[in-house]
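Q: Pasting in a structure now, in structure tokens, and then I'll have a few things to ask.
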Ligand SMILES: [Cu+2]
């Protein structure tokens, strides 16, 4: 799988890692009253979480009606019993993190109320405090522990206030509910997207505290007819600070070297597949804490086939999923990546890609069909270890959930429509067949804040070749990159650091052309991709080549690209891009040394 980090095989019973060319290497009514949140309740009970081992609940579905989705969400925070901050999105009816379900052409009205209480801490507060102009939430740019906003990850929605703008939009506690209103584009690929806060300096704290939810653009069965009539369910996998940071690893694990902490205080990669992880994981808020990883519980009728829509909403943790029955990896029939059907390039592409493991970087999504275990067999959904580099976090092997064959298992709450109409043909030529007008080279790098003190905090950069590395500056009025709407560019993203990074850009999808020197031919698009880490034995920096699509006439304005490991983004690894109107003079587009 080309966009995956290189991965160690599990000891013993799993098949050896193979290089795979395919780069996978009860609903509520809308129109809730807007002011119905009322008293948020006692602080310790605002963001309820399940007990370890619990049956994985499905997030409540919140569907559009008559092409309108109207939803009131409040963001709350509290402190868990062991002192960790929690965040949650709550409906007026009390459910957390609803799955918003829309169709192309629908109008979304989302009223966000900020009820944060000020429990967040960020090591990057000094950076984030650079601009403060409180008042109008569209222009304030306030970035503080209690500021918040929303990003609709993957959606091709305009980068303007009230739609999907995160550079200036900031909602404070006490503000009136802030209204997001936008139309789902007619050509939005059907699949799994998500929403989360995007306040620079505080994204990691809020997201790892639990502020995230799924957004489904309906119609995947229109691209993949094999899905017609299939039950489907959403799994949101989050990470959070360790519940038991001082515990030794389970005695069932081999003894491995002590992991050093990285500059963020996370357990560093020990390159064994075992030992203390950087973060705990949860599955739809059912925690699976270190050191014993008590699996959550997923029940299916024996042999039942379901579409699983899996979102990696972790702030820093890479997922590498496998489904084992009697220790044997089971086929995962992948139908969409990052909200895009795997046959998006056209009818000649296969609608289903079969793999037996799949990597998902932070921010990424994978949608695949599984077949439940036969009667009498209990399977396990696990995440295998990911080698994040000598400078990366420790992402060891661990179970996520037992997958139990149960004749009495409840049917999932959602079923794919039975008689799908085919999707209309795309409005623009396939991105892979469009010649780029320009090539740029960008690179990830890291450096200690004080060059004379290698133990000082790490500053994170993403820089266009030819410019000086500089941490993201929210006060800067000058975009880092300027392009023209209508253009297609190739971007080479290099990694000059010793850890994995995940490149993400707002407002558009891109085509992966080359991963770590290997040309790939993917008939689908992504919005988040791994960039392999550098190590001293390498003779050149690892890179990916991406074809960037600025043809969408709705995407004009200024937005961001960044690493989706949110500790890195908060620490400076973000840049701005301005897409000028198509008729702008060419001279206004910065042409870099790598231009074609
Ligand atoms: Cu990163």
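All of the numbers you see were taken from the coordinates with simple rules; none came from a lab. Keep in mind it's a predicted model, so treat the numbers as computed, not measured. Cβ sites come from the backbone with ideal geometry, for glycine too, and all protein chains shown count toward neighbours.
Q: Under a no-solvent Debye model with one identical scatterer per Cα of region 433-498, what's log10 I(q)/I(0) at q = 0.16 Å⁻¹?
A: Listed by q, the Debye log ratios stand at -0.68.
Q: For each of 198, 501, count neighbouring Cβ atoms within 10 Å of the residue's Cβ, then give the residues from fewest to most.
A: On the way: 198 27, 501 31.
If I rank by nearby Cβ atoms, fewest first, I get 198, 501.
Q: Please give, to one decimal in nm, the separation of the simple spin-label points placed at residue 51 and residue 390, each 7 Å out from Cα toward the Cβ.
A: So the label points at residue 51 and residue 390 sit 4.6 nm apart.
Q: Here's something else I'd like to know. Per residue of the chain, what 222 nm ellipticity follows from adding -39500 (n - 2.57) for every DSSP H run with n ≥ 4, rounded to the nearest 500?
A: Computed mean residue ellipticity for the chain: -500 deg cm²/dmol.
Q: Now a separate question. For region 438-583, what number results from the quotient of the Cα radius of gyration and 2.2 N^0.38 Å?
A: After normalising by residue count via 2.2 N^0.38 Å, the value is 1.05.
Q: How much length, in nm to one decimal, is gained on full extension between residue 250 and residue 476, taken as 0.36 nm per residue of separation minus their Cα-Cα distance?
A: 76.5 nm
Q: For an R0 of 41 angstrom, estimate the FRET efficiency from the Cβ-Cβ distance between residue 136 and residue 452 and round to the nearest 0.05.
A: The computed FRET efficiency comes out at 0.45.
Q: One quarter of the convex hull surface, Cα atoms only: what value does that give for region 150-268 in nm²?
A: Projected area, direction-averaged: 12.4 nm².
Q: Quick one: length gained pulling residue 187 to residue 516 fully straight, 0.36 nm per residue minus the C-alpha distance?
A: Length gained, residue 187 through residue 516: 115.4 nm.
Q: Sticking with this structure for a sec: Taking N as the number of residues in region 289-405, what is its alpha-carbon radius of gyration divided by 2.2 N^0.38 Å?
A: Details: Rg = 14.9 Å, N = 117, 2.2 N^0.38 = 13.4 Å.
In units of the 2.2 N^0.38 Å rule of thumb, it is 1.11.
Q: How much length is gained on full extension from residue 226 to residue 427, taking 0.36 nm per residue of separation minus their Cα-Cα distance? Walk me through the numbers before you get to the answer.
A: Numbers: separation 201, 0.36 × 201 = 72.36 nm, distance 2.42 nm.
Stretched fully, the residue 226-residue 427 segment lengthens by 69.9 nm.
Q: Taking the Cα-to-Cβ direction at residue 468 and at residue 535 and moving 7 Å from each Cα, how far apart do the two end points lie in nm?
A: It works out to 3.4 nm between the two label points.
Q: What whole-number volume per residue, in cubic angstrom, does the convex hull of the C-alpha atoms of the chain give?
A: 147 Å³
Q: Something else now. Which order do the peptides 406-412, 478-484 come out in when sorted by mean C-beta neighbours inside 10 angstrom, highest first?
A: Ranking the peptides 406-412, 478-484 by packing returns 478-484, 406-412.
Q: Related question: When a/c reaches 1.5 or more, the comparison of a/b and b/c decides; with that in mind, is region 196-338 rounded, prolate or oblate per its Cα gyration tensor? Display every interim value, and only then the final one.
A: Values: a/c = 2.42, a/b = 1.44, b/c = 1.68.
Here region 196-338 falls in the oblate category.
Q: Something else now. Does region 39-118 come out rounded, prolate or oblate, given a ≥ b ≥ c as the square roots of the eigenvalues of its C-alpha gyration tensor, rounded meaning a/c under 1.5 and, failing that, prolate meaning a/b above b/c?
A: Oblate, because a/c is 1.5 or more while a/b does not exceed b/c.
Q: Can you put 47, 563 in order, fewest other beta carbons within 10 Å first?
A: The order, fewest Cβ neighbours first, is 47, 563.
Q: Just grab the label-to-label distance for residue 179 and residue 435, each label 7 Å out from Cα along the Cβ direction, in nm (one decimal).
A: 4.8 nm
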